[in-house]
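No lab work stands behind these numbers, since they all come straight from the coordinates. Computed from a prediction, not measured in an experiment: that's the story for all the values here. Cβ atoms come from the backbone with ideal geometry, glycine included; neighbour counts cover every protein chain shown.
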Amino acid sequence: MGRLDDRVCVITGAGRGIGSSLARTLAAQGGKIVVNDLGGAIDGSGSDQTPAQQVVDEITAAGGQAVANYADVSDYAQAEGLVQQALDTYGGLDVLINVAGILRDRMLFNMNEKEWDDVIRVHMKGTFNTSKFASIHWRSERKGHYRLINFTSVSGLYGNPGQPNYSAAKMGIVGFTLSSANALARYGATANAISPGAQTRMIDDIPPERRRAGLAAAQDDKRSPDNIAPPVVYLASEDSDWLSGRVIGARGYEIELVRNPVTEATLYSDKMWGIDEACEEMERVFKPMVEGRTSMMPRPYAHEQE
Ligand SMILES: NC(=O)c1ccc[n+]([C@@H]2O[C@H](COP(=O)([O-])OP(=O)(O)OC[C@H]3O[C@@H](n4cnc5c(N)ncnc54)[C@H](O)[C@@H]3O)[C@@H](O)[C@H]2O)c1
């Protein structure tokens, strides 16, 4: 008995890195997996069917169930086809995991329009596209225990200075996840986001001096993408109905419950604030709370690159 017996799971970006690890682990837990991957380069260029097919071959050789899909999730029609393939092949869709992503790192003042658009398109539109078509199925079927699991990043949660496009997309995915959690609860679906950390080609692309020291120096199995799978298996299972609208961090041997944004302090008035009054009160109350936090980003992200 696995924790995901006969649960139909679509995993995007599952030909490499974290997604491929999830596909193998969820299949070993009894899931029926649609392994999606466009097979492009780290910057999103090109395509190759080999990565998705290889993961499918590994899963079936180990006795699991999987089929390959090569869609570009940022293409609306292809994303619809991906969801339809799960319905046609396995007769349902219980779990959608949006892992696919690309990088086009550049400082804000150097970033061109295409670098911005491509990253927003793959992460945000890709996540919307697949989720929309999955939600149509969930809303009409209403069987329950449906799962939407999206991928965010510390880059979005803290604001990596060299990734304005990626940080925006990844925090946008958090907002999208919270909206989906509120919208889909009545149909028996939960929506959560994973903030992962693992050694993949995406991390290899970051200059060594800007990598998080903890993970870079860790022993091999702490850096492994396999560390992301255990909390994802739990979120994908029927047992996690109680958990929705949250960000779960996973890196090394750590699994975190991340606090959603909360109001830290409020200034009250019984009439419209005067300009001088607001300026003085903000400085008096907020400044001591903010001072000392020169950056929201944990070191060593907290410095600029040119
Ligand atoms: N590795 C980390 O430490 C880390 C940290 C924070 C967030 N993330 C996020 O985790 C996810 C997985 O990252 P990874 O490190 O495994 O990267 P990866 O590059 O190893 O894997 C991403 C996969 O997505 C696929 N892909 C890209 N664009 C696609 C598209 N349009 N349609 C379908 N597939 C597409 C790629 O071909 C690739 O196989 C990403 O969303 C990433 O932003 C990773």
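A few notes on this one:
- For the chain, a Gaussian network of Cα nodes joined below 10 Å ranks Leu26, Leu148, Leu184 by mean-square fluctuation, and the top entry is Leu184.
- Taking every alpha-carbon pair under 8 Å whose residues sit at least 6 apart, the chain reaches a relative contact order of 16 percent.
- Paired Rg and Dmax values of region 78-153, which use every Cα atom, in angstrom: 15.3, 49
- The simple Förster model, with R0 at 41 Å and r as the Cβ-Cβ distance, assigns Ala77 and Ala265 a FRET efficiency of 0.30.
- For the chain: Kirkwood Rh in Å [reciprocal of mean 1/r, alpha carbons]: 20.3
- Region 8-258, dipole about Cα centre (Lys/Arg Cβ +1, Asp/Glu Cβ -1), debye to the nearest 20: 580
- Using the Cβ of Ala189 as centre and a radius below 13 Å, the other residues enclosed give a net charge of +2, where K and R count +1 and D and E count -1.
- The trypsin sites (Lys or Arg not before Pro) found in region 225-287 that occupy coil by DSSP, while having at most 14 further C-beta atoms within 10 Å, are Arg259, Lys271.
- Residue with peak Gaussian network fluctuation, the chain [Cα springs, cutoff 10 Å], from Pro161, Pro196, Pro261: Pro261
- Under the simplified labelling scheme, the Arg3-Asp220 pair shows an inter-label distance of 2.5 nm, with each label point 7 Å from Cα along Cα→Cβ.
- With neighbours defined as other Cβ atoms within 10 Å of a residue's Cβ, the residues Thr177, Thr89 order from fewest to most as Thr89, Thr177.
- Exposure proxy ranking, count of Cβ atoms within 10 Å, fewest first, for Ile136, Ile248: Ile136, Ile248
- Cα-Cα over 22 Å, subset of Lys32/Lys170; Lys32/Lys143; Lys32/Lys222; Lys170/Lys287: Lys32/Lys170; Lys32/Lys222; Lys170/Lys287
- Every helix of 4 or more DSSP H residues in the chain counts as -39500 (n - 2.57), and over all residues that averages to -12000 deg cm²/dmol at 222 nm.
- Computed magnitude of the charge dipole of region 18-97 (debye, nearest 20; Cβ of K, R +1, Cβ of D, E -1): 300
- Qualifying GluC sites (Glu not before Pro) in region 222-292, where qualification requires a DSSP coil assignment and no more than 10 other C-beta atoms within 10 Å, comprise Glu264, Glu291.
- Loop-resident sites, region 28-122, for trypsin sites (Lys or Arg not before Pro), counting at most 14 other Cβ within 10 Å (DSSP): none
- Top of Asn227, Asn260, Asn150 by mean-square fluctuation, Gaussian network on the chain, Cα under 10 Å: Asn260
- Subtracting the Cα-Cα distance of Trp242 and Cys279 from their residue separation scaled by 0.36 nm leaves 9.1 nm.
- Value of relative contact order over region 1-103, rounded to a whole percent, pairs C-alpha under 8 Å and six or more apart: 34
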